[in-house]
Amino acid sequence: MSETVLDERRPRVQSVCMPDSITGDEEDIRLAKGMLLSIAYGAAVGGTATLTGTPPNLVMSGLVESYHGTDTSVSFASWFAYAAPCSFIMLIILWIWLQLNFLGFKTLFGCCIKGRKTGDASVEKVIKEDYEKLGKMSFAEVNIICCSVVLVILWFTRDPRFFPGWGTLFIATTETITNNGTTTITETMLVSDATAALFICILFFMLPAHSPPCLQFIWPRQSSTQ
């Protein structure tokens with residue numbers, strides 16, 4: 001890419017990334033800055049709640065399994081039981097910090113807020129109108145939600161450690177005879193969290209995108225206008 005093109009694009013990139021480009025009164029500027037920071041901080045804090053939230057969590061789980069064996073591996077349920085409360089507490093602290101720094105103490109619990117401006121009311125009206133235009137959920141959207149819920153349930157119940165999970169149905173037993181004649185029995189679980197994820201991925205390709213005839217009264221098939 002030539003230097004001329006870069007010089008032409010640089011001001012536009014700076015106008016998007018720099019907080020000084022935000023126009024409006026002081027309250028709107030502080031709100032915009034707080035929203036931008038909340039996206040970054042919220043993604044970092046919320047990603048620690050689940051094992052699949054961020055890639056470093058999976059890397060750490062793989063390292064634990066490599067160095068200490070599969071018996072001490074971190075499961076989805078054990079990670080969530082440990083990290084979710086910490087993530088919830090950090091989110092509350094983060095929300096209070098952002099609220100106090102960018103919006104002030106008066107808006108901490110929604111009290112002492114001035115009346116809505118005409119511009120804010122018109123924006124809220126447009127959002128409500130667009131939301132109503134979406135209509136009810138389609139059959140494909142319901143399929144995605146159900147599959148996502150099933151995936152989370154499979155992750156939680158594969159090896160929860162405090163009760164036998166469905167992963168115990170797929171265990172391979174290996175007998176090893178040592179030099180002194182003793183026999184060592186090793187049990188290895190043949191399924192992992194990736195197994196549940198691949199199962200749901202295959203299920204996505206098998207489920208229909210439109211409702212079957214028996215469910216036409218709930219999700220009627222819409223005729224294509226294209």
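Annotations
- Residue in the stretch 64-74 that is in a helix (DSSP H, G or I), modelled with pLDDT of 80 or more, among the aliphatic types (A, V, I, L, M) and within 30 Å of Arg161 (Cβ to Cβ) present: yes
- Subset of the stretch 180-202 (residues that are of a type in the set (A, V, I, L, M, F, W, C) and out of contact with any Gly (no Cβ under 6 Å at 6 or more places or on another chain)): Ile185, Leu190, Ala194, Ala196, Ala197, Leu198, Phe199, Ile200, Cys201, Ile202
- Selection within the stretch 205-226 - of a type in the set (S, T, N, Q) and either open to solvent by less than 60 Å² (accessible area, probe 1.4 Å) or at pLDDT 70 or above (or both): Ser211, Gln216
- Residue match in the stretch 85-101 (condition: open to solvent by 70 Å² or more (accessible area, probe 1.4 Å), of a type in the set (S, T, N, Q), touching a residue at least 60 places away in the same chain (Cβ under 8 Å) and assigned to a helix (DSSP H, G or I)): yes
- Any hit, the stretch 63-79, residues being farther than 16 Å from Trp155 by Cβ, in contact (Cβ under 8 Å) with a residue 24 or more places away in the chain and either in contact with a helix residue (DSSP H, G or I) (Cβ under 9 Å, 6 or more places away or on another chain) or of a type outside the set (Asp, Glu) (or both): yes
- Qualifying positions in the stretch 146-181 - charged (D, E, K, R) and either loosely packed, with under 10 Cβ neighbours inside 10 Å or over 20 Å from Ser78 (Cβ atoms) (or both): Glu175
- Residue check for Leu36: modelled with pLDDT of 85 or more, in a helix (DSSP H, G or I), open to solvent by less than 50 Å² (accessible area, probe 1.4 Å) and farther than 26 Å from Trp155 by Cα: no
- Every residue from the stretch 171-198 that is of a type outside the set (Ser, Thr, Tyr), at pLDDT 80 or above and either farther than 30 Å from Leu151 by Cα or not in a loop (DSSP other than H, G, I, E, B) (or both): Ile171, Asp193, Ala194, Ala196, Ala197, Leu198
- Residues of the stretch 155-209 that are under 28 Å from Val59 (Cα atoms), of a type in the set (S, T, N, Q) and without any contact (Cβ under 8 Å) to a residue 40 or more places away in the chain: Thr168, Thr173, Thr174, Thr186, Ser192, Thr195.
The values are calculated or read from the model by the stated rules, or taken from the named source; none is laboratory data. Keep in mind the model is a prediction, meaning the values are calculated, not measured. Heads up, the Cβs are rebuilt from the backbone with ideal geometry, glycines too, and the neighbour counts pull from every protein chain shown. What goes into the accessible areas is simple: the full protein's heavy atoms, side chains included, and nothing from ligands, DNA or RNA. Shrake-Rupley method; radii C 1.70, N 1.55, O 1.52, S 1.80 Å.
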